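Here's the structure, in structure tokens; my notes come after.
The values are calculated or read from the model by the stated rules, or taken from the named source; none is laboratory data. What you see is a predicted model, and the numbers here were worked out from it, not measured in a lab. Counting neighbours? That spans all protein chains shown, and the Cβs are built from the backbone with ideal geometry, glycine included. Accessible surface is based on the protein model in full, side chains and every heavy atom, while ligands, DNA and RNA are left aside. Shrake-Rupley method; radii C 1.70, N 1.55, O 1.52, S 1.80 Å.
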Amino acid sequence: MKPATVVPDSDTIAADVVAFLEHRAFGADAFVRRIDTHAASIFLTTERAWKLKRPVRLGYLDFSTPARRRAALAAELRLNRRTAPDLYRALHAITREADGSLAIDGRGEAIDWLLEMQRFADNALLDDCARRGALDPALLTSLAARIQLFHAAAEPVSDGNGAGRLAAVIDGNGVALAGFPALFAPAAVAALVREQRDWLGACRERLDRRAARGRVRHCHGDLHLANIALIDGAPTPFDCLEFDDALATTDILYDLAFLLMDLWHRGLHGAANLLFNRYLDLSGDDEDGLVAMPLMLSVRATIRAHVSATRARHSGLEADAVLARDYFALAQRMLVAVPPRLVAVGGRSGTGKSMLAREIAGAIGAAPGARVLRSDVVRKRLAGVAPETALARGRYTAQSAADVYTALEGQARLLLSEGTSVIADAAFLLPEQRAAIARVAAVAAVPFAGLWLAASEAVRVWRVTGRSGDASDADATIVRRQSRQPVGPTPGWHRLSAGRDAVIVVRSARRALRSALRLPA
């Protein structure tokens, strides 16, 4: 990939168009605020956002002519209506009139093109939400559902070429990074590309199988926090990758990986893990791709490294150069092997197992943290229904419980064998269930820790009766029935008093796990 260049002879036209949009296009009294990126300028008025492609040519995009810019904006309008139909309004021509003046949709010759969008609030980006600490679990859960539904509806490409698509990105990234030798040492770039290619070789067959069964789709392509906005209370992806269908057509987990990497880079490990687990709980068909997740995260960080380097070249700001180096370092760290671990969280219904699992998962294993296998979700998957769909009481039998634990153990065994850490979230009321999950770790030769939560019946009843929209179907009757069921000793499991404040319970669990699993402080 070549560095960004302004196309020769385009400077005057671009400057003329920019001046028109800033000062005359929307009325003499209109307040216009301009935001520049490496490939576009956005002009904000009171109710609208107007997007102009810059006349630049990069190794991975070419906006060098009005025709190319029109095609890109038309694609942007069409593709972004998949996720944000109310945001993207129309494509307009910027015309040169007979008297030499410029107009929007005038009678003269079209010299450039402009995309009209509905403006949203300045603080609506999830990028802004992250800065003010407003990415709460409800928002992340909703976002995971939006992304999963979008991926499910996206056009599949079942050509069996999963690895080849990622290989092209790796090679392109290497060329792009090589254009910034002052920021990225050539030897380090060569080593990173080589290691990514080695990872790809190990994952090649898996990625190709995923492609063959339709897990490669025409995705968003640029799914990070600055390209998602809260519109009418709903997280809404927009500004997808529109200039290259081939780049946007990729494994859906690689599409998700951009957002996971963005969260992880900001230190929001818990948020990344929650999003990751909720997506997988809903998709039901993508855990086979987790073996490639470290590679996908590394490649996404590499992209941000050279994009930030391009921005630094144009802005001259040291902060942009520092960010580019930071992303490059993250790309390297994502490929460092982290041994998998297995944690079991057990206890009667209402003790807070799922809350605890969610709070600790981001700190266990490689990015984006441990896969949480919740028995309630496994049960719904076996029944062929969504996680929050209630099952009839007759579906809860001794045999169905045995089937759930067998499935959970098998799933944990497979993920551990491929390097993914696991948290098993289930009641584990029977000694044989606790022994079986510990055996999974022993056979996989990975460290194991069991956390046993205990709380009074009154606390547990209060908690389950206050639930709504949860995968668990437990109610007060179930809680009281479990109170009469003896659990027996739990040797080797760390017992935690779960009737206390959640912050205290989580702190105690983390302390126990640091000791049992030798986790970093």
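Among beta bridges identified by DSSP and lying wholly in the chain, the antiparallel ones come to about 65 percent.
On alpha carbon coordinates alone, what is the Rg over Rh value for the range 368-521, Rh being the Kirkwood radius? Mind dumping the intermediate values first?
Details: Rg = 15.9 Å, Rh = 16.8 Å.
Radius of gyration over Kirkwood radius for the range 368-521 works out to 0.94.
Of all chymotrypsin sites (Phe, Trp or Tyr not before Pro) in the range 10-119, which ones are in loop regions per DSSP and have a Cβ with at most 10 other Cβ atoms within 10 Å? Write out the running numbers ahead of the final one.
Working: sites: Phe20, Phe26, Phe31, Phe43, Trp50, Tyr60, Phe63, Tyr88, Trp113; in loops: Phe26, Phe31, Tyr60, Phe63.
Qualifying residues, ordered by number: Phe31.
Counting Lys and Arg as +1 and Asp and Glu as -1, what is the net charge of the other residues whose Cβ lies under 14 Å from the Cβ of Glu287?
Values: positive: Arg206, Arg209, Arg210, Arg213, Arg215, Arg278, Arg371, Arg374, Arg381, Arg413; negative: Asp251, Asp281, Asp285, Asp286, Asp288, Glu418.
Value of the local net charge: +4.
Shown here: log10 I(q)/I(0) by the Debye sum over Cα atoms at q = 0.06, 0.13 Å⁻¹, derived from the displayed model; of the candidates (1) -0.38, -1.48; (2) -0.34, -1.26; (3) -0.38, -1.31, it corresponds to (2). With axes computed from alpha carbons, what is the tilt in degrees of helix 162-178 against the longest principal axis of the chain, rounded to the nearest 10 within 0 to 90? Around 60 degrees separate the two axes.
Ordering of 426-432, 197-203 by packing is 426-432, 197-203, highest average first (other Cβ atoms within 10 Å, averaged per residue). Computed in the context of the full set of protein chains, the accessible area of the range 221-290 at 1.4 Å probe radius has 49% of its extent on carbon or sulfur. Rounded to the nearest 500, the 222 nm mean residue ellipticity of the chain from helices alone is -15500 deg cm²/dmol, with -39,500 (n - 2.57) taken per DSSP H run of at least 4 residues. Calculated accessible area for the chain comes out at 43 Å² per residue, all protein chains present (probe 1.4 Å; ligands, DNA, RNA ignored). Accessible surface of the range 364-521, 1.4 Å probe: 56 percent of it comes from carbon and sulfur atoms.
Rounded to the nearest whole Hz, the Karplus-based 3J(HN,Hα) values (6.51 cos²θ - 1.76 cosθ + 1.60, θ = phi - 60°) of the range 276-291 follow the sequence 4, 6, 5, 4, 5, 4, 7, 6, x, 9, 10, 5, 5, x, 5, 4, with x at glycine and proline. Contact order for the range 151-206, expressed relative to its length and based on alpha carbon pairs under 8 Å spaced 6+ residues apart, stands at 44 percent. Peptide packing for 101-107, 474-480, 262-268 was compared via the average number of neighbouring C-beta atoms within 10 Å per residue; ordered from the highest value, the list is 262-268, 474-480, 101-107.
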